[in-house]
Amino acid sequence: MEVALLVNEEEVTLRVAPDALLIDTLREGVGLTGSKKGCATGDCGACTVLMDGLPVTSCLVLSATAQGKEIVTIEGLAADGRLHPVQQGFVDFGAVQCGYCTPGMVMMATAVLADEPHPTEAQIRAGLAGNLCRCTGYSKIIAAVDAAALMMGEQE
Amino acid sequence: MASILEVIRPTELDTLLPILGDPERNTRVLAGGTDLLLKYPHEAGADLTIVDITGIASLAEIVAEEDGLRIGAAVRLADIIASETVAERLPVLAEGCVVVAGPQIRNLATLGGNVCNASPSADTVTPLLVLGAEARIRSARGLRSAPLTEFFVGPGRTIVEPDEFLEALWIPWPVAGAAASYTKVSPRRAMDLAVVGVAVALWREQAGLQARIALGAVAPTPLRAVAAEELIAGAAGMTADLAMQAGILAAAAVSPIDDVRGSARYRKNMVERLTTRSLTEVHGRISDGVV
């Protein structure tokens, strides 16, 4: 079946199998491999993208049901080659080790900050509760998101 | 092992109902997909016709009616959590929704889906039971209503027939001054199932205290602790002794199993203690409702 999506502000029309998952369509159909397929059961958050502005685990979305929706992936974050403050925070605070959780963490963090521009540590942790990291122990990720909140606050 | 033959996305109820009733198709209703997409590959049987109901506007509405709140089956858990009406008048439902999984899942998952998945530990169901919720079930044959206490038949099984779907949950407004709580025992703060779930609602009537107590993850279905409720009915107040006796009766009503998440003995113990603790805590928050 055909599905038409807006992906990172570009219209994309693809033929997909009825059982195609959005994570696979994005990675293999559209060629955007930034989103990762960590578990395929919605447990790890590595596949997190924004769908109509809301963070979702794209491994639990049938591509057929994403018809007409606006998707933002990690590739869509940096505007004109300049890192998004969350991305900059991850770089500055050493919050990336193997990098596999990173795109999902970053996408979820942007949603956390959109919802709550000045989050407490508890709010950051709750917001990232659906994202697993096996490497960092989370501390630097939380520091990065906290720093990004400050950066974004200064930009206002 | 079933695979997906087709995905149909009706925008009207009138289109949906004949599809569900079509004997030539093996239909599954899709809302958030957070359970269905994990389960369907393990089903035996004919290839599936997936019917996505999220495009039917009336199913995604939260409507305050005179006597209660109607929540469409396709309302996302995140939207229930964000609803001011729920926060003001039925906060225990939001307490259940907010401990389901994690934020990404709650942006997809729906109330109807969580109810129809019929896990004995479902965090939305234990609160719905103490709220006295009703299931509104529709097919081409018409609409029927059932108290949620009669909705679950066994783990993962409900009274919804193959040509029917759960259209909405309806919750009567609580009596003025009522209060409730939901407590989830779970090793992790997110992305985990309830090992034990305890919901309690208390209010005052002319005759005295009234209670509803619902328990999750401790029986083949979520259930109400009827004997404990009857003990409380008509009491002048929640004494420590009454709370303790009610806890004992609640624990006697459950039949938990040993599994990877906890032993039966631990679960019974927690039912008793959390029922007692919740009754005491909630009783401190009820009022006569007189303005």
Is there any pair with a first residue in the range A:109-130 that is polar (S, T, N, Q) and a second that is in a helix (DSSP H, G or I) whose Cβ atoms are under 7 Å apart and which are 6 or more apart or on different chains, and what are they? A:110/A:86
Could you tell me whether any residue of the range A:78-97 is under 17 Å from the mean Cα position of the chain (by Cα), within 14 Å of chain B (Cβ to nearest Cβ) and small (Gly, Ala, Ser)? no
Can you name the residue in the range A:41-65 that is open to solvent by less than 10 Å² (accessible area, probe 1.4 Å), closer than 17 Å to residue A:19 by Cα and out of contact with any Cys (no Cβ under 8 Å at 6 or more places or on another chain) and, of all such residues, is farthest from the other protein chains (Cβ to nearest Cβ)? A:63
Assess whether residue B:127 counts as being closer than 30 Å to residue A:123 by Cα, in contact with a Phe, Trp or Tyr (Cβ under 6 Å, 6 or more places away or on another chain) and not in a strand (DSSP E or B). yes
Could you tell me whether residue B:189 is closer than 27 Å to residue B:100 by Cα, surrounded by fewer than 15 Cβ atoms within 10 Å (Cβ to Cβ) and either basic (Lys, Arg) or within 19 Å of the chain's Cα centre (by Cα) (or both)? yes
Go through the range A:66-84 residue by residue and tally those that are in a loop (DSSP other than H, G, I, E, B) and either of a type in the set (A, V, I, L, M, F, W, C) or farther than 16 Å from residue A:108 by Cα (or both). 8
Only one of (1) within 11 Å of residue B:169 (Cβ to Cβ); (2) of a type in the set (Val, Ile, Thr); (3) open to solvent by less than 30 Å² (accessible area, probe 1.4 Å) is not met by residue B:92, so which one is it? (1)
Looking at A:2, A:75, which one is open to solvent by 30 Å² or more (accessible area, probe 1.4 Å), in contact with a helix residue (DSSP H, G or I) (Cβ under 9 Å, 6 or more places away or on another chain) and more than 9 Å from chain B (Cβ to nearest Cβ)? A:75
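Which is assigned to a strand (DSSP E or B), in contact with a helix residue (DSSP H, G or I) (Cβ under 7 Å, 6 or more places away or on another chain) and of a type in the set (Lys, Arg), of B:136, B:204, B:144, B:212? Working first, answer last.
Numbers: B:136 fails: in contact with a helix residue (DSSP H, G or I) (Cβ under 7 Å, 6 or more places away or on another chain); B:204 fails: in contact with a helix residue (DSSP H, G or I) (Cβ under 7 Å, 6 or more places away or on another chain); B:144 fails: in contact with a helix residue (DSSP H, G or I) (Cβ under 7 Å, 6 or more places away or on another chain).
B:212 is the lone residue from the list that is assigned to a strand (DSSP E or B), in contact with a helix residue (DSSP H, G or I) (Cβ under 7 Å, 6 or more places away or on another chain) and of a type in the set (Lys, Arg).
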Only one of (1) out of contact with any Leu (no Cβ under 7 Å at 6 or more places or on another chain); (2) in contact (Cβ under 8 Å) with a residue 24 or more places away in the chain; (3) basic (Lys, Arg) does not apply to residue B:265, and that is (2)
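So that you can scan it fast, the table gives a plain yes or no per residue for (1) touching a residue at least 60 places away in the same chain (Cβ under 8 Å); (2) among the small types (Gly, Ala, Ser):
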site	(1), (2)
B:9	no, no
B:21	yes, yes
B:25	no, no
B:28	no, no
B:31	yes, yes
B:35	yes, no
B:41	no, no
B:54	no, no
Could you tell me which residue of the range A:15-40 is farthest from the other protein chains (Cβ to nearest Cβ), considering only residues that are more than 15 Å from residue B:37 (Cβ to Cβ) and surrounded by fewer than 16 Cβ atoms within 10 Å (Cβ to Cβ)? A:31
Take the residues of the range B:53-77 that are within 11 Å of another protein chain (Cβ to nearest Cβ) and surrounded by 21 or more Cβ atoms within 10 Å (Cβ to Cβ): which is farthest from the chain's Cα centre (by Cα)? B:53
Positions within the range B:1-38 being assigned to a loop (DSSP other than H, G, I, E, B), open to solvent by 50 Å² or more (accessible area, probe 1.4 Å) and more than 16 Å from residue B:73 (Cα to Cα), in sequence order: B:1, B:23, B:24, B:25
Identify, by number, the condition in (1) surrounded by fewer than 21 Cβ atoms within 10 Å (Cβ to Cβ); (2) farther than 19 Å from residue A:64 by Cβ; (3) out of contact with any helix residue (DSSP H, G or I) (no Cβ under 7 Å at 6 or more places or on another chain) that residue B:98 doesn't meet. (3)
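The values are calculated or read from the model by the stated rules, or taken from the named source; none is laboratory data. Keep in mind that what you see is a predicted model, and the values were worked out from it rather than measured. When we count neighbours, we look across all protein chains shown, and the Cβ atoms used for this are built from the backbone with ideal geometry, even at glycine. Note: accessible area is taken over every heavy atom of the protein model, side chains too, but ligands, DNA and RNA are not part of it. Shrake-Rupley method; radii C 1.70, N 1.55, O 1.52, S 1.80 Å.
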